[in-house]
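A quick write-up on the structure given underneath.
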Amino acid sequence: MGDILSQLSSQFAAQSWAEILAVALALAYVWLAAKESIWCWPCALISTAIYTWLFWEVALPFHTLLNAYYLVMALYGWFKWRKQDDEDMTIQSWSVKRHALCISGLTLISILITQIGAMWLDTEYLYLDAFVTVFSVFTTVLMAHKVLENWLYWLVINTFAMYLYFAKDMPLTGLLFVGYAVFAVYGYYNWRQQLTGRKYAQA
């Protein structure tokens, strides 16, 4: 426990203002998204723009590409959520069968990427890295389209990501994902309440 606290203290002291701002906006994003506020997307846009630059600066090309994707999706999410009057932009829920098909396909893609990546990259945690990346790309689309179950995906993704960051001696980032996991539970509860209330009002 003392080692973790020491690592957290040293990591926090080493944070740049840009990284602190990116983390703060990332937390604001998930909190506002849970509230179904369109202002979550500007927070995501600025946060991911900062992270794209930061990851490029520290030579993490895959993280750079993933955050560049998040940058585009922040713009897409803002555009989609502006259509609040569209039936397609109310909170929706997918069937278990549809999710099962998606999960199966995404798992196969994760395995394939891992097998290809293993030829050039360090194999430690490679499966976990691929799983988190592939499912994050997919779940961001679910968020943009207001699919209720996106929060359940994020809960699982963030839990695995949390383990990955702690295993890689990045406890500060690991704790950030603990917060993400908590927000995922809150987001699912809040969106489900709204979906249930809408169905009740229509009955």
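Here are a few things to note about the model shown:
- Within segment 17-64, considering residues that are modelled with pLDDT under 80 and farther than 14 Å from Thr173 by Cβ, the one surrounded by the most Cβ atoms within 10 Å (Cβ to Cβ): Thr64
- Test: residue in segment 189-196 that is among the charged types (D, E, K, R), more than 21 Å from Phe135 (Cβ to Cβ), in a helix (DSSP H, G or I) and out of contact with any strand residue (DSSP E or B) (no Cβ under 9 Å at 6 or more places or on another chain): no
- Test: residue in segment 145-164 that is over 12 Å from the mean Cα position of the chain (by Cα), assigned to a helix (DSSP H, G or I) and farther than 21 Å from Ser95 by Cα: yes
- Residue tally, condition closer than 15 Å to Cys102 by Cβ and touching a Phe, Trp or Tyr at 6+ places or on another chain (Cβ under 6 Å), over segment 154-184: 1
- Among the criteria (1) at pLDDT below 80; (2) of a type in the set (Phe, Trp, Tyr); (3) within 16 Å of the chain's Cα centre (by Cα); (4) under 27 Å from Val185 (Cα atoms), the one Phe12 does not fulfil is (3).
- Within segment 80-109, restricting attention to residues that are exposed (fewer than 15 other Cβ atoms within 10 Å of the Cβ) and at pLDDT below 90, the residue that is farthest from Ala130 (Cα to Cα) is Asp85.
The values are calculated or read from the model by the stated rules, or taken from the named source; none is laboratory data. It should be emphasised that the depicted structure is a prediction, and the values quoted were computed from it without experimental measurement. When we count neighbours, we look across all protein chains shown, and the Cβ atoms used for this are built from the backbone with ideal geometry, even at glycine.
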